[in-house]
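**Q** Structure below; questions to follow.
The values are calculated or read from the model by the stated rules, or taken from the named source; none is laboratory data. Not measured: the values here are computed from a predicted model. Because the Cβ atoms are built from the backbone with ideal geometry, glycine has one as well, and the counts that use them run over all protein chains shown. With ligands, DNA and RNA removed, areas are computed over all heavy atoms of the protein, side chains included. Shrake-Rupley method; radii C 1.70, N 1.55, O 1.52, S 1.80 Å.
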Amino acid sequence: MSHQSARRGPPAASSHKRYGRLTAVLGPTNTGKTHFAIERMLAHRSGMIGLPLRLLAREVFDKIVRVKGAAHCALITGEERVVPPHPLYFVCTVEAMPVDIPVAFLAVDEIQLATDLERGHVFTDRLVNARGEEETMWLGALTMKGAISRIAPDAHFITRPRFSDLAYAGPKKLSRLPRRSAIVAFSVEDVYGLADTIRSQRGGAAVVLGALSPRTRNAQVSLYQSGEVDFLIATDAIGMGINMDVDHVAFAARDKFDGVTIRPLRAEEIGQIAGRAGRYMNDGTFGVTGDADPFDAELVEQVENHRYDPVKVLQWRNSALDFSSLEALLGSLDAPPPARGLVKARPASDHFTLQTLAHDEEIRALTPAPAALRLLWQACQLPDFRKLTPDEHSQLVGQIFRHLISEEGVLPEDWLTRQIARLDVVDGDVDTLSGRIAQIRTWTYAAHKQGWTRDPAHWQGITRAVEDRLSDALHERLSQRFIDRRTALLMRHLRDEEHLALSLDDSGAVSLGSENVGKLDGFHFAPDPRAEGIHGRTLRAAALKGLEGEIIARARALIAAGDEAIHVSEHGRLWWSGAAVGRLSAGPHPLTPVVELFADELLKGDLRESVQKRLTDWVAAHITAVLEPLVPLRNAAEARTLPGGGTLPGPSRGLAFQLAEALGSIERKSPALPHDVRGAAQVLRPFGVRVGWHSVYLPRLIKPEPAGLAALLWAIHAKLEGIPPPPQPGLTSFSISKNDDFEVPDAFLAAAFYRRLGARAVRLDILERMETVLVDAAKLKKSADEVLNVLVSLLGCGQSDAIAVVKLLGWRRETHESKTSDTTIALSVWQRAKGGRKRHQRSGTPVKPDSPFARLADLIDVD
């Protein structure tokens, strides 16, 4: 719910004040976007950041207090307000951002929530209206890029790749889930049911629900982070920035209630939640458990590669409200969106409450003036923490408003005391305490609203103390219910190894007795960092003694596995059975990378060599299959003969070598090409080699899979420190934004079959089609605007971007006079600029100008 009343429109549209640079930092989870924004904010003289959760706001606030000091930092949420006399940095929930306070830097996190049916209009309002004087930064998913370009055409984009791989591990039973797993459900009943099961089967679990108070959630997360429990049962509340060391995310359901209906999770929602697996450089996995159906291959590919459908529309609600009358206020809330790409949000809780109270004659009589209406609207924005019926919530809001509009002008202290006192009871079960916390949050919110109480600090202290007592009691009840604490220490048995029973679950987690001592990830054993000192070394040594049989079994299984069981990620890692077992590194040629095996001394001898050979053979076969016919072309060049027989001429052999070295495409302007490039290419026709206007290339490789693999192989051979993600499938061209972390090399784009033209990368086949369109249009004197529409369609961009590309290709507009019997018409056409691209020399017999083959010669020979 937006807390704002009437406010300005978009800064650029309504003010002559110039605002600073606008940057959108986009990417999947685990890319360090929020950390990056905090660093940028603290580098400015002042700043404000809006975050999606109260819990995350508190975490960030505590972090910047340690850096800048409490005197300079403010925390503003709906239920918490810590504001020193002269703060410089504001950490807020997005709903509570005081955007009328000028700051040098302003950031909004998780901006893809602008599509959320409940809260989306608030995020959209911040995107449209909130700016920093020197810099504005938006953080979120890559799916928002198009929507941002419509809202802010001058936005600067930074795309941050994920630090680690995320891989699908398939379905697993609850009893076989790996330790350090988060299990996700979408109702309180399901979360508690799963926690009960985990307690009985695996010893215990922490729980995280959106309805828990921050204090309770922090305590539960600490249980998990400390290692006291190895499982976390949560709702999708964990998907928004709560930082935990999760190795695996298991979905216990694939449907959720979105406030209106039960619907399947969207791919990007699954990716947001699954992305919590893996921290920083540690890889993560995801899958399903319980009764949830396995994910299909297409969905897995989307999540593993973080490729989702772009956002089409954003939720919007008018924030320039009319308080001249109750009808005018309701009418302004129902105003239609002002621009394409925005859709009017369904009535939120505050809007519905206002509609309900508008039918109360007493309320209408109390709101004759704008000031009274503003107060009513402020009361309507009280969140429905209790989650009761809308009518019950409206009754509470109406009661609060009547107190605020009375002569006393504040909530009566005796009435407020009674409301709070009946909640200050720590007896009861989990559900009872959860209900009381939801109710006390109402009065915590009221205590932080300016003007609602006579002594805000007094009531803030009372409500916070009651909420803390209830939160501590709830944490204790949750721990008692869902954790079976061990009463015996494994260390008592260290002297008697026969008491130690080694066990290994499906994920590779290694246990001795009831103690987790590490994880066998593929063929590498990673000791548990919590097992320290001599006792820890003893436990690890004991574990290693029992793992030899498992290593042998895994090695034999990999050697016998089908090709479909192995795959390579966009980071160049080789995955098998949910674990990274190796990676590609630079070899003597881009098409022959070296396989580095992820294995320690447990895998040795002939078995190690066999595993190495299996992975090396798989890589060679995969490259040959996906990049066909590039590998046969290289082989033909080395053998000096064609597959069907015959000697490969020198120029053709040289061209074949160059194409293999460049992974399938060479620019025509390359001085290394043979003088008679067409003659050389004609011999290589069986391999599909084509000579175009701008490139010599293999058209069959211009598909997402081969192009992505070719780009990866180039990056590995070039020993690129950070491998960029391949271009999104289906893009005929895309804008190349300079990234503050790294810039995508031209050679990487070329390996993916794109060419850089100014600020845009254009796919090779589209580049060739553009040139053909321009040549034909020049010959036929077609209208420049008509041709431009065709080029815009080919490139999938705006006219200004298309014109820039055309000019870089050496074309410009000229006015051509066309005479008819009566008049002379001035027609704008495209013509090749003087001093532009020249024709390549042709070999053989020249074609006569009046020959019917003259135009064909032009098409195949003009550069």
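**Q** Considering only DSSP beta bridges with both partners in the chain, what is the antiparallel share in %, to the nearest 5?
**A** Here the share of antiparallel DSSP bridges comes out near 50 percent.
**Q** Then there's this: Return the aspartates and glutamates within reach of LYS68: Cα separation strictly under 19 angstrom, same-chain partners fewer than 8 residues apart disregarded; answer none if there are no such residues.
**A** Straight-line reach from LYS68, under 19 Å: GLU39, GLU59.
**Q** Using per-residue counts of other Cβ atoms within 10 Å, averaged over each peptide, order 62-71, 322-331 from highest down.
**A** Highest mean packing first, the order is 322-331, 62-71.
**Q** Can you list the residues, at least 5 places off or on another chain, whose amide H is less than 5 Å from the amide H of LEU342, using H built in the peptide plane?
**A** Distant-sequence amide H within range of LEU342: LEU314.
**Q** Please figure out what share of the DSSP beta bridges in region 66-217 is antiparallel and state it in percent, rounded to the nearest 5.
**A** Taking every DSSP beta bridge with both residues in region 66-217, the antiparallel ones total about 20 percent.
**Q** How much FRET efficiency would the formula 1/(1 + (r/R0)^6) give for GLU596 and VAL67, where r is the Cβ-Cβ distance and R0 is 45 Å, rounded to 0.05?
**A** 0.70
**Q** Also: How far, in nm, would the chain grow between LYS779 and GLU476 when pulled straight, counting 0.36 nm per residue and subtracting the alpha carbon separation?
**A** 100.9 nm
**Q** Suppose each label sits 7 Å from its Cα in the direction of the beta carbon; what would the HIS567-TRP415 distance come out to in nanometres?
**A** It works out to 6.1 nm between the two label points.
**Q** Can you work out ³J(HN,Hα) from phi for every residue in region 89-103, in order, using Karplus 6.51 cos²θ - 1.76 cosθ + 1.60 and θ = phi - 60°, giving whole Hz and x for Gly and Pro?
**A** 10, 10, 10, 9, 6, 4, 5, 9, 4, x, 6, 7, 8, x, 9
**Q** In percent, how large is the relative contact order of region 343-397, given Cα pairs closer than 8 Å and 6 or more residues apart?
**A** In percent, rounded to a whole number, it is 49.
**Q** Where does the chain land at 222 nm, in deg cm²/dmol rounded to the nearest 500, when only DSSP H runs of n ≥ 4 count, each adding -39500 (n - 2.57), divided by all residues?
**A** -12000 deg cm²/dmol
**Q** I've got another one for you. With θ taken as phi - 60° and the coefficients 6.51, -1.76 and 1.60, list the Karplus ³J(HN,Hα) couplings across region 747-764 in order, rounded to whole Hz; mark glycine and proline as x.
**A** Running phi through 6.51 cos²θ - 1.76 cosθ + 1.60 with θ = phi - 60° gives 5, 5, 4, 5, 5, 8, 6, 10, 10, 7, 10, x, 9, 9, 9, 10, 5, 4 Hz.
**Q** Report relative contact order for the chain in percent, whole number only (criteria: Cα-Cα under 8 Å, sequence separation at least 6).
**A** Rounded, it is 8 percent for the chain.
**Q** Related question: In the chain, if the dipole is taken from +1 on Lys/Arg beta carbons and -1 on Asp/Glu beta carbons about the Cα centre, which of PRO383, GLY644, VAL790 is farthest to the positive end?
**A** Farthest along the dipole direction, towards plus: GLY644.
**Q** Per residue of region 204-215, in order, report the coupling 6.51 cos²θ - 1.76 cosθ + 1.60 (Karplus, θ = phi - 60°) as ³J(HN,Hα) in whole Hz, putting x for Gly and Pro.
**A** Computed from phi, the couplings for region 204-215 are x, 8, 8, 10, 10, 10, x, 7, 6, 5, x, 5 Hz.
**Q** Show which aspartates and glutamates lie in cross-link reach of LYS703 when reach means a straight Cα distance below 13 angstrom and same-chain residues fewer than eight apart are skipped.
**A** By straight Cα distance, LYS703 reaches GLU628, ASP765.
**Q** Under 17 Å Cα to Cα from LYS834, which aspartates and glutamates show up? Leave out anything in the same chain fewer than 8 places away.
**A** Of all the aspartates and glutamates, those that pass the test against LYS834 - Cα under 17 Å, at least 8 places apart if same chain - are GLU771, GLU814, ASP863.
**Q** Give me, ordered by chain and number, the residues 5 or more places off GLU110 or on other chains with an amide H under 5 Å from its own placed amide H.
**A** LEU139, GLY140
**Q** Another question, if that's okay. Which of the listed residues, GLY578, LEU474, HIS44, is farthest toward the dipole's positive end in the chain, when Lys, Arg count +1 and Asp, Glu count -1 at the beta-carbon?
**A** HIS44
**Q** Another one. Taking the Cα centre of the chain as origin, work out the dipole magnitude from +1 charges on Lys and Arg Cβ and -1 charges on Asp and Glu Cβ, in debye rounded to 20.
**A** 3000 debye
**Q** If amide H atoms are built 1.01 Å from N in the plane of the peptide, which residues on other chains or at least 5 residues away come under 5 Å of the amide H of LEU22?
**A** Placed amide hydrogens put THR136, HIS156 under 5 Å from LEU22.
**Q** Once you charge only the Cβ atoms, +1 for Lys and Arg and -1 for Asp and Glu, what is the size of the charge dipole of region 540-671 about its Cα centre, to the nearest 20 debye?
**A** Its charge dipole is roughly 180 debye.
**Q** With the crude spin-label approximation of a point 7 Å out along Cα→Cβ, what separation in nm comes out for ASP506 versus HIS86?
**A** 6.1 nm
**Q** Placing +1 on the Cβ of each Lys and Arg and -1 on the Cβ of each Asp and Glu in the chain, which of VAL246, PRO590, GLN682 has its Cα farthest towards the positive end of the resulting dipole?
**A** GLN682
**Q** Can you tell me the dipole magnitude for region 266-306 around its Cα centre, using point charges on the Cβ only (Lys, Arg +1; Asp, Glu -1), in Debye to the nearest 20?
**A** My answer is approximately 320 debye.
**Q** If you rank PHE523, PHE186 by how much accessible surface each has, with a 1.4 Å probe, what is the order from largest down?
**A** Accessible-area ranking of PHE523, PHE186, largest first: PHE186, PHE523.
**Q** Let me ask another. When the label point is put 7 Å from the Cα of ALA625 along its Cα-to-beta-carbon vector, which residues of region 162-198 have a backbone N closer than 19 Å?
**A** 168
**Q** Ranked highest first by the average count of other Cβ atoms within 10 Å around their residues, in what order do 86-92, 363-369 fall?
**A** So the peptides 86-92, 363-369, ranked by packing, come out 86-92, 363-369.
**Q** Given points 7 Å out from each Cα along the Cα-Cβ axis, report the LYS344 to HIS816 separation in nanometres with one decimal.
**A** With each label point 7 Å from Cα toward Cβ, the separation is 5.0 nm.
**Q** Here's a follow-up. Hey, what's the Cα Rg ratio for region 677-781 versus the globular rule of thumb, 2.2 N^0.38 Å?
**A** Rounded to two decimals, the normalised Rg is 1.19.
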